[in-house]
Amino acid sequence: MSEIRLVNLRKEFKELVAIRDITITFPTATVTCLLGPSGCGKTTLMRIIAGLEQPSSGEIYFDNELVNDLSPSERNIGMVFQYPVVYRGMDVYRNIELPLLQNSRISKAERKARIESVIETLDLTHAVGKDISTLDNGTRQKIAVARAVARQPRIILFDEPITNVDVNSKVQLKRALKKLVKQHSQTIIYVTHDQTEAMTLADDIVLMQAGEIVQHGTPREIYDYPNNRFGGWFLGNPGMNFVEHQVQHNDGAKYLSEPLFRQPVQVTGLNGHRQVLVGIRPERVRVQYERTPFAIPGTILKRSIVVGGQHLLTIKVDGQTIKAKVPPDAIFDEQTHVWVECPLEHITLFEPEGRWFEAGLSYVD
Amino acid sequence: MTAAVEFRNIRKAYQQNVVLRDLSLTIEQGSFTVIYGPPACGKSLLLRLLAGLEKPDKGHIFLSGEDVTGLSPEKRNLGYVPQSFALYPHYRVYDNIAYPLTLAGASKAVIRPTVEHAAAALKISHLLKKYPNQLSGGEKQRVAIARGIVKDTKIFILDDPLTGLDFKLREQLFEDLRQMKTDLAATFIYTTSDTLEALMLAEQIKILDQGGIVEAGDLEAVYSHPQHIRTMALLGFPEANILPGRLYKEGDCVRLKTDIFDLPIYLDPSSADFADGMLVHVALRPQDVRINPRQANGILVKKAEITLVEDLGGEMVGYIDVDSMSLRAVIGQGAGELVEGASTIGIHPDALALYALETGRRVELGAR
């Protein structure tokens with residue numbers, strides 16, 4: 001286990017800036033997911049940590065040791081790639097054992113114990129004696145994971161390790177990865193574009209966009225408190241609703257009202273903004289047929305079935321459309337009139353350019 | 001109303017491999033119809049037959065009532081977005097989109113506004129002067145779709161056009177595609193093997209599996225009450241739980257036995273659907289697996305072990321061991337909590353759907 005620290009890290013490929021002056025610490029014994037759309041720089045960042053790519057400028061430290069000039073093998077890192085790297089013509093046991101044999105400090109008994117432990121955790125017992133070429137992709141990837149873990153390197157890097165395996169293996173690998181992390185407390189960096197994978201496996205998520213870090217926090221922090229519009233949009237299926245509001249003045253106080261609020265909402269902490277974006281996640285929007293004091297009238301334009309049989313409603317309110325996710329048993333028909341409420345505790349405010357800012361919201365008595 | 005498209009008794013085989021066997025289906029005018037099935041089920045082939053790029057061994061294809069089985073591709077008036085779209089690398093985006101019109105000999109006065117309209121619909125107006133190698137994957141896909149919709153026709157076929165794009169890009173295109181169908185007042189025929197995509201896009205759905213249409217109809221009806229086990233297995237996310245079961249008679253009652261429960265069900269033993277000892281698939285949607293339920297009449301409660309919880313942000317998916325079986329459960333925001341470890345689950349018998357093992361057809365249960 002090692003802490004990884006990157007200082008002013010930058011990577012340019014000709015005119016393209018892949019990494020823009022990133023400074024970040026990955027704490028020891030945590031799983032950090034680098035999450036972002038393709039082209040955001042997450043894979044480049046990981047390759048620089050591995051030593052497979054040299055930064056254009058900036059420093060990389062493992063536990064305060066500068067490692068910029070160390071080769072990938074000198075860095076003592078385990079890596080698992082998108083496509084399983086396994087040795088053909090060898091059985092499963094030998095595949096896991098091979099890197100351990102290269103380290104003379106590991107005794108025979110220790111070697112055996114380590115291999116048996118990962119085989120059990122990864123549920124590979126049934127495959128142990130089998131020739132690699134007879135195994136499916138998911139099992140091969142488990143072997144690649146087992147090999148990386150058994151070596152007990154101080155850091156393990158995963159590059160989209162479950163993107164190309166079948167659905168059942170995905171679940172098994174996720175389960176096994178969580179167990180392994182508990183057992184070994186290695187520092188793990190895990191690259192993925194899949195938000196569910198990141199939210200499920202990570203202690204911390206580093207959300208990236210265009211070579212920069214947008215936000216670094218726990219999965220629920222990133223999901224519930226996005227610090228800019230991009231995070232609100234990128235996480236969630238579908239992402240957050242954003243609705244522009246003009247700030248209104250009355251007697252020295254500032255308010256938000258239409259389109260989303262029926263009663264004026266007093267807002268503090270505006271810092272001079274005259275316009276704000278109100279963000280709310282679809283699953284937080286309340287929809288009902290009965291009128292309530294804070295609800296605004298709307299019309300359902302479209303209803304779709306989504307995850308778990310829930311309904312995604314597209315609702316027209318005051319010239320805007322917003323999306324609401326409601327339970328499977330809630331019956332709302334297209335073209336009917338409904339009342340829509342956006343509870344203040346689930347609202348996030350953003351500057352017009354998309355940055356989050358801390359604001360106080362309250363209904364006026 | 002004449003159907004926009006009809007396939008009648010289509011058979012297509014490649015040597016011994018029969019891909020479509022006696023397939024018949026009709027597609028309503030003005031509908032957004034999704035042909036949905038597992039990978040390699042023959043969806044692309046169906047569209048290629050419609051476009052005239054392949055010939056059926058048997059059967060007939062009708063476009064707006066006209067038998068086009070013998071017509072060459074250029075004589076069938078269709079807009080087509082193929083699965084693997086090849087943009088011409090040496091043409092600008094504008095000329096790529098204009099290509100089908102140029103080929104058909106349209107005048108510049110027609111081409112320009114048509115291309116601009118299609119580009120606007122797909123939000124790529126700012127890219128018209130670029131070359132394909134200057135575009136991202138998502139942008140290229142939009143260009144390919146724009147090229148498919150410039151034709152002056154009322155029937156558009158799209159062969160899994162969003163495959164390979166990440167979910168966020170696809171999400172944006174769902175709405176654009178539906179809007180385009182409305183704006184063009186056309187029929188869209190769309191194939192996919194992605195269940196969430198099918199659910200988001202379809203008004204009408206045709207489930208294609210093992211060479212034929214196993215079920216077809218209005219999407220919500222098909223989803224909420226599947227008539228065939230393959231529909232239940234394929235349509236829905238997370239996937240439905242399907243357990244092997246057996247029906248048997250006890251006195252005047254019929255009971256259902258699986259590896260994890262044995263309970264009475266409301267089925268008339270004299271029903272034609274029932275035979276003592278018959279084997280069934282027992283299906284249970286993940287949203288119908290209750291977590292830590294309160295004891296209540298009629299709910300079967302079992303000890304369980306939640307082995308993995310996936311966080312989707314707005315939902316949680318749980319993988320649960322119950323006796324020797326594994327089940328999936330899903331809960332939405334505010335509908336309780338899923339935590340890894342020991343737990344109990346509840347199953348309401350009304351949530352179970354039964355399908356005869358032999359035929360795959362649904363065994364209808366009576367109401368309580």
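Computed from the coordinates by the stated procedures, all read-outs in this text should not be read as laboratory data. Everything numeric here is computed off the predicted structure, so don't read it as measured data. With ideal geometry, Cβ positions are generated from the backbone for all residues, glycine too; neighbour counts draw on all protein chains shown.
Size estimate for segment A:212-312 follows the Kirkwood approach: the inverse of mean 1/r over distinct Cα pairs works out to 15.9 Å.
Normalise the Debye intensity by I(0) for segment A:45-180, one equal point scatterer per Cα, no solvent, then take log10 at q = 0.12 Å⁻¹ and round to two decimals. One equal scatterer on each Cα of segment A:45-180 leads to -0.50. Sorted from longest to shortest, the spans of the Cα atoms of segment B:67-213 along the three principal axes equal 44, 40, 26 Å. Value of Rg to Rh for segment A:27-121, rounded to two decimals, is 1.01; Kirkwood radius and Rg both from alpha-carbon coordinates.
Rg/Rh, computed from the Cα trace of segment B:93-177 with Rh as the Kirkwood radius, has the value 0.96. When only the Cβ of Lys, Arg, Asp and Glu is charged (+1, +1, -1, -1), the dipole of chain B relative to its Cα centre reaches about 1380 debye. Distance between the 7 Å Cα→Cβ label points at residue B:259 and residue A:290: 4.6 nm. Here segment A:42-56 is scanned for amide nitrogen atoms under 20 Å from the site 7 Å beyond the Cα of residue A:163 along Cα-to-Cβ, giving A:42-54. Highest GNM mean-square fluctuation among A:164, A:241, A:271, for chain A modelled with Cα contacts below 10 Å: A:271. Mean partner shielding of peptide B:70-81, defined as the number of other chain Cβ atoms within 10 Å of each residue Cβ, is 0. Rg of the Cα atoms in segment B:182-268, relative to 2.2 N^0.38 Å, amounts to 1.45.
Taking one quarter of the surface of the C-alpha convex hull of chain A gives a mean projected area of 22.8 nm². Take the Cβ atoms of residue A:117 and residue A:91, set R0 to 22 Å, and the FRET efficiency comes out at 0.75.
Only helices enter the 222 nm calculation for chain A: every DSSP H run of n ≥ 4 contributes -39,500 (n - 2.57), and dividing by all residues gives -7000 deg cm²/dmol, rounded to 500. Taking one quarter of the surface of the C-alpha convex hull of the protein assembly as shown gives a mean projected area of 39.0 nm².
Summarising the overall dimensions of chain B from its C-alpha atoms, the Rg and Dmax are 24.3, 80 angstrom. Near residue A:192, once Lys and Arg are set to +1 and Asp and Glu to -1 for all other residues with Cβ below 10 Å from its Cβ, the sum equals -3. Across segment B:303-368, the convex hull enclosing all Cα atoms gives 133 Å³ per residue. Placing dummy labels 7 Å off each Cα toward the beta-carbon, the span from residue A:355 to residue B:294 is 4.9 nm. Panel values: segment A:304-365, Kirkwood radius from alpha carbon pairs, Stokes-Einstein at 20 °C and 1.002 mPa s, translational diffusion coefficient 151 µm²/s.
For segment A:241-363, the Kirkwood hydrodynamic radius comes to 15.0 Å, computed from all pairs of different C-alpha atoms. Projected onto planes of every orientation and averaged, the convex hull of the alpha-carbon atoms in segment A:192-253 covers 5.8 nm². Computed with the Debye formula from one identical point scatterer per Cα of segment B:241-363, without solvent, the log10 of I(q)/I(0) at q = 0.09, 0.13 Å⁻¹ comes to -0.28, -0.55. Pairs of Cα atoms nearer than 8 Å and 6+ residues apart set the relative contact order; for chain B it is 15 percent. Over segment B:129-184, the fraction of Cα-Cα pairs per 5 Å bin, rounded to whole percents and listed from the shortest bin up, is 4, 16, 30, 24, 16, 9, 1.
Shown is the FRET efficiency for residue A:203 and residue B:324, computed with R0 = 41 Å from the Cβ-Cβ distance and rounded to the nearest 0.05: 0.80.
Rounded, prolate or oblate: which fits segment A:109-266, taking a ≥ b ≥ c as square roots of the Cα gyration tensor eigenvalues, rounded meaning a/c under 1.5, else prolate when a/b beats b/c? Prolate, since a/c reaches 1.5 and a/b exceeds b/c.
Among residues other than residue A:18 with Cβ under 13 Å from its Cβ, the summed charge is +1 (Lys and Arg +1, Asp and Glu -1). Whats the longest run of chain A with zero trypsin sites (Lys or Arg not before Pro) that are DSSP loop and have at most 15 other Cβ atoms within 10 Å? That would be A:131-273. With +1 on the Cβ of every Lys and Arg and -1 on the Cβ of every Asp and Glu, and nothing else charged, how large is the dipole of chain A about its Cα centre, in debye rounded to the nearest 20? Here the size comes out at about 1020 debye. Taking the Cβ of residue B:217 as the center, what net charge do the other residues with Cβ under 12 Å away carry, scoring Lys and Arg +1 and Asp and Glu -1? That works out to -4.
Per residue of B:313-320, other chain Cβ atoms within 10 Å of the residue Cβ number 6 on average. In segment B:1-146, inverting the average of 1/r over every pair of distinct C-alpha atoms gives 17.2 Å as the Kirkwood radius. Once both labels are positioned 7 Å from their Cα atoms along Cα-to-Cβ, the gap between residue A:334 and residue B:84 label points is 3.6 nm.
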